[in-house]
Amino acid sequence: MKFRYHFQKVVDLKSNEKTQAEWMLSTAIGKLQTEEEHLLQLMNDKNELISVIQSATESTASVSSLQEMHRYVYHLDECITKKNTDVKHAQVNVQRNQTFLNGKMVDEKVWLEARDKAKSKFQQEMLLREQNDLDEMATVRFAAKTGRAI
């Protein structure tokens, strides 16, 4: 007789939910990495522009071009501020997805442990049945050898 767990579909569902939560977390981490890369690029652009402004200040650069570069630095500052907000939102999303995944992992573990307990109980019952069958066969043989009825 083979073990069949009555709630196997629930176990499968919990496993699928955990897998979906892993995908969601993976997507959130990818989004966070993208936002952080964009932020880093903006900061590098700003630092390069500041270097250009400093070089232009030392040389003979027109006031209008310096003003234009300063306006662009201001624009980059605004972009950096917005991107910092985006990064924080992405971090919150990663944390939320991590918490969600942890919950799904606990759910799956509970159901897997319940299935394992049921399987262990089934195996013990099967061993007990086999032992009882062997005991009965031994009793019948003994009775047949001694010529006594059971």
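All of the numbers you see were taken from the coordinates with simple rules; none came from a lab. All figures in this text were calculated on a predicted structure; none of them were measured in a lab. Here the Cβ positions follow ideal geometry from the backbone for every residue, glycine too, while neighbour counts run over all protein chains shown.
Put the Cα centre of region 70-87 next to the Cα centre of region 1-54 and the gap is 25 Å.
In straight-distance terms, cross-link reach from Lys119 covers every one of the lysines whose alpha-carbon lies under 30 Å from its own, apart from those fewer than eight places away in the same chain; here that gives Lys2, Lys9, Lys14, Lys18, Lys104, Lys109. So the label point goes 7 Å from the Cα of Gln8 along Cα→C-beta, right? Which residues of region 85-112 then have their backbone N under 20 Å from it? The answer is 108-112.
Let a ≥ b ≥ c be the square roots of the eigenvalues of the Cα gyration tensor of region 42-86; is it rounded (a/c under 1.5), or, if not, prolate (a/b larger than b/c) or oblate?
oblate
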